[in-house]
Amino acid sequence: WREFLLAIIIGANLSVSVVLMGVGMRMLGALGASVGIGIQTATWMLGGQGLGFASGEWAGVSGRARKQILAAIVCLVVAVLIMIRGNLLGAS
């Protein structure tokens, strides 16, 4: 049941992200398609990693691998912020 629940959650994560991407693309304007797909992909990856941490998938991992995934998460968040900033510059 636990794996089934996790599969439902990750499926919902994908479905919600696609719906929000469509809404967000309309709200972002001219750069909505390019910025929207980047943000959607990043949030999908972040959601998957968050679920991995919450489910204990990363419990036994330490050292270099853990540092690399945390660095990747930071890079994704920074990339999303850059895309948002770029869209704001394009709108003005």
Checklist entry - Hey, any hits in the range 2-12 for a residue that's surrounded by fewer than 14 Cβ atoms within 10 Å (Cβ to Cβ) and among the aromatic types (Phe, Trp, Tyr)? => result yes
Checklist outcome for this item: Within the range 30-46, the residues that are open to solvent by 40 Å² or more (accessible area, probe 1.4 Å) and more than 30 Å from residue 68 (Cβ to Cβ) are 30, 31, 33
Item to check | Test for residue 89: is it without any contact (Cβ under 8 Å) to a residue 40 or more places away in the chain and of a type outside the set (Asp, Glu) | outcome: yes
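Here are some residues: 37, 82, 69. Which one is free of Cβ contacts under 8 Å to residues at least 24 places away in the same chain, in contact with a Phe, Trp or Tyr (Cβ under 9 Å, 6 or more places away or on another chain) and not polar (S, T, N, Q)?
When all the criteria are applied, what remains is 69.
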Checklist outcome for this item: Here the residues within the range 47-77 that are open to solvent by 80 Å² or more (accessible area, probe 1.4 Å), within 24 Å of residue 18 (Cβ to Cβ) and not in a loop (DSSP other than H, G, I, E, B) are 54, 75
Checklist entry - Pick from 56, 86: which is within 30 Å of residue 1 (Cβ to Cβ), more than 14 Å from the chain's Cα centre (by Cα) and at pLDDT below 85? => result 56
Checklist entry - Hey, any hits in the range 21-28 for a residue that's part of a helix (DSSP H, G or I), touching a residue at least 24 places away in the same chain (Cβ under 8 Å) and not acidic (Asp, Glu)? => result yes
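The values are calculated or read from the model by the stated rules, or taken from the named source; none is laboratory data. Remember, predicted model here, so these are calculated numbers, not experimental data. So basically every Cβ, Gly included, is an ideal-geometry build from the backbone, and we count neighbours across all protein chains shown. Protein only, heavy atoms only, side chains kept; ligands, DNA and RNA dropped before computing areas. Shrake-Rupley method; radii C 1.70, N 1.55, O 1.52, S 1.80 Å.
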